[in-house]
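Notes to accompany the following structure.
The values are calculated or read from the model by the stated rules, or taken from the named source; none is laboratory data. Quick caveat, the model's predicted, so the values are computed rather than measured. Reconstructed Cβ throughout: ideal geometry from the backbone, glycine too, with neighbour counts over all protein chains shown.
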Amino acid sequence: MGVYVTDTELTALTAIEAAELIAEGELTSETYVGACLDRIAAMDGDVHAFVHIDPDAALAQAQALDERQREGAPLGALHGIPVGIKDIFDTADYPAECGSAALKGRRPREDAAAVARLRAAGAVIIGKTVTTECAYYHPGPTRNPHDLTRTPGGSSSGSAAAVAAEMVPLAIGSQTNGSVIRPAAFCGVYGVKPTHGTISRHGALLLSRALDHVGTFARSLGDNALLLEVLAGYDVRDPDTRALAAPNFLAMAADELTDPPRLAFVRTPVWDKADAATHAAFEAVADELGGDIEEVALPDDFAAAWDDHRVVMATDMAHNLGGMVARGGEAGSSEALRAIIAEGSATNALRYLAARDNALRYRQGIADILAEFDALITPATVGVAPVGEATGSPLFCSLWSLAGVPAVTLPLLSSEGGLPLGLQLIGAPGNDARLLRTASWVEERLAG
């Protein structure tokens, strides 16, 4: 097992580091998964990142993978690596209750497409992570590992917290508004929301076909690239995936740039909603990047994007979840969920269609700006994770989710109190690998 002799040293490994040790025979999956399970047992009583976990089943998966390796079978990209799964994804061996009282006890018969791809790559499905109710605002029990009085964000709260607390190296989540980027930023980990349609959503709770994205959490950019490499691809069961070969995310993310990228600092129309510490941190980033960054203003009509996002999200949620909420009554759902369903049910059809058309216009407008730049830089959140149960504001994510463009948050900034602040980069639609490469350059530049 080389120099890694304690559980703490093992759980601090990145997925890429652990996979290399396992492939070289210096570490077994059983030992690595056991260390992660010990970490979960020690910490999750306070953090509450997991809602369903079966240590014996996880160890059995690891033992079977170790046996395959001893038999000389080919190893997948995630061979022996434990992954946390947000509890809106179907899993054949765990419940999928979506944080909802109305779905308590729900047991799927088969894996969601993303989970099946993880298993095919050799991952150990270690357990299900907490989600807010139906991936909306009503919070679950998860707390922020940096400060247990603060929220981890939502809706992928458990996934972000589990990675931040070094319970697992990797986790998957989803974003309809800010549910990957915001919790990753609050918990101080790397989060990626790829271009809409990059990863199949088959077998995941559907809030909005127009807005839902599968996203990833890790403690390095490289690990996120590895996850994307496994998860991205066409699926006939998800009509928004594309029948195109997925790029080599890992190689492109590690590719060194010969020239500095062209970066645009974008405040967005909600800049005034960010707190003073966030303003100061991003002004400092702009100063540090100097001639490599240029301030760019979005077109004036982008100010309507936040209302458009709300219209699309509320209406689609009413269509997809309204029946379940009605059947469950007040005992089966929160007031917050019932309110968004009622709002969406009252939406005028012309207003909804106009919002969908506007989303395409915003997407094209962003693509036009990014024809001149490699990435846009903007805050991930309005500030650090707030105290209490509220999941925090998604304002700095809404536009990018509506437009379906790729986003990544880097844990490079912090408040005076040491709490994480996320640095968000936005890329052109379909240019996810290029965005990761640019993010890697920014990380090296600012960390250096």
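Among the residues of the stretch 86-136, those identified as touching a Ser or Thr at 6+ places or on another chain (Cβ under 7 Å) and more than 30 Å from Ala339 (Cβ to Cβ) are Asp111, Ala113, Val115, Val124, Ile125. Close contacts from the stretch 284-296, counting a first residue that is more than 21 Å from Ala367 (Cβ to Cβ) and a second that is not small (Gly, Ala, Ser), with Cβ to Cβ under 6 Å and a gap of 6+ residues or different chains, come to Ala286/Phe265; Ala286/Ile293; Asp292/Pro260; Asp292/Leu263.
So which residues in the stretch 25-53 are in contact with a helix residue (DSSP H, G or I) (Cβ under 9 Å, 6 or more places away or on another chain), among the acidic types (Asp, Glu) and under 20 Å from Lys128 (Cβ atoms), if there are any at all? Scanning the stretch 25-53 gives Asp38, Asp44. Considering the stretch 153-265, the qualifying strands (runs of 3 or more DSSP E), each wholly inside and each with 3 or more residues that are more than 17 Å from Leu423 (Cα to Cα) and either under 11 Å from the mean Cα position of the chain (by Cα) or among the small types (Gly, Ala, Ser) (or both), run over 170-175.
Filtered by the rule that a residue be surrounded by 24 or more Cβ atoms within 10 Å (Cβ to Cβ), charged (D, E, K, R) and over 24 Å from Pro95 (Cβ atoms), the stretch 167-213 gives Arg182, Lys193. Evaluate the following for Thr268: is it assigned to a helix (DSSP H, G or I), of a type in the set (S, T, N, Q) and over 30 Å from Arg119 (Cβ atoms)? It is false that Thr268 is assigned to a helix (DSSP H, G or I), of a type in the set (S, T, N, Q) and over 30 Å from Arg119 (Cβ atoms).
Residues in the stretch 221-269 that are in contact with a Phe, Trp or Tyr (Cβ under 6 Å, 6 or more places away or on another chain) and under 25 Å from Ala447 (Cβ atoms): Leu221, Asn224, Ala225, Leu228, Glu229, Leu257, Pro261, Arg262, Ala264. Of all residues in the stretch 85-97, those being surrounded by 24 or more Cβ atoms within 10 Å (Cβ to Cβ) and over 16 Å from the mean Cα position of the chain (by Cα) number 2.
Selection of the stretch 2-51 for residues being out of contact with any Ser or Thr (no Cβ under 8 Å at 6 or more places or on another chain) and aromatic (Phe, Trp, Tyr) yields Tyr4, Tyr32.
Residues checked against (1) crowded, with 19+ Cβ neighbours inside 10 Å; (2) farther than 22 Å from Ser398 by Cα; (3) not assigned by TED's automatic domain parsing to the domain that holds Ile88:
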site	(1), (2), (3)
Met317	yes, no, yes
Ser334	yes, yes, yes
Ala339	no, no, yes
Glu343	no, no, yes
Ala355	yes, no, yes
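Against the numbered list (1) exposed (fewer than 14 other Cβ atoms within 10 Å of the Cβ); (2) touching a residue at least 60 places away in the same chain (Cβ under 8 Å); (3) under 30 Å from Gly417 (Cα atoms); (4) among the charged types (D, E, K, R), Lys273 comes up short only at (1).
Going by the structure shown, is Ala314 among the small types (Gly, Ala, Ser) and more than 24 Å from Gly154 (Cβ to Cβ)? Write out each step before concluding.
Details: among the small types (Gly, Ala, Ser): yes; more than 24 Å from Gly154 (Cβ to Cβ): no.
Judged against the criteria, Ala314 is not a match.
On the stretch given as the stretch 19-72, residues that are part of a helix (DSSP H, G or I) and within 25 Å of Tyr94 (Cα to Cα) total 34. Taking the conditions (1) modelled with pLDDT of 95 or more; (2) loosely packed, with under 14 Cβ neighbours inside 10 Å; (3) more than 28 Å from the chain's Cα centre (by Cα) in turn, Thr347 satisfies each one other than (2).
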